[in-house]
Amino acid sequence: MKSSFSTDEVTEKEVKDEWIITANSGVNFRSGAGTSFQAIGKIPKDMKVQVEEIIEIEDLQWGKTTYEGDTGWFAIKYAKQVQNIDI
């Protein structure tokens with residue numbers, strides 16, 4: 001599914017950072033960056049994930065990660081960075 005956002009609304013950056021989910025109820029894990037994409041699961045609170053890429057869409061950042069064998073996106077505001085890994 002292609003994004004309908006213009007290039008000035010989407011900012012991408014590649015990262016290799018570890019994050020921990022902070023939302024009490026966990027965070028939805030989606031097939032794409034944005035709430036319009038289907039939820040493919042939920043990442044539970046206190047789970048550490050490796051964020052490979054961050055995209056900002058209309059002031060909300062989405063982190064790309066692989067969880068339980070699936071690659072998808074979650075809203076970064078429900079997590080905190082725990083470690084930088086130099087690449």
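So what is the orientation-averaged projected area of the range 24-87, using the convex hull of its C-alpha atoms, in nm²?
Here the figure is 4.6 nm², rounded to one decimal.
For Thr66 and Asp46, compute 0.36 nm times the residue count separating them, minus their Cα-Cα distance, and round to one decimal in nm.
That works out to 5.6 nm of additional length.
Can you tell me the length gained on complete extension of the stretch Glu53 to Ala23, counting 0.36 nm per residue apart and subtracting the Cα distance?
8.8 nm
Within the range 46-81, find all residues whose amide N lies under 16 Å from a label point positioned 7 Å from the Cα of Gln38 along Cα-to-beta-carbon.
Residues passing the 16 Å test: 70-73.
Every number here is computed from the coordinates shown, using simple stated rules; none is lab data. Note that the coordinates shown come from a computational prediction; the quantities given were computed from them, not determined experimentally. So basically every Cβ, Gly included, is an ideal-geometry build from the backbone, and we count neighbours across all protein chains shown.
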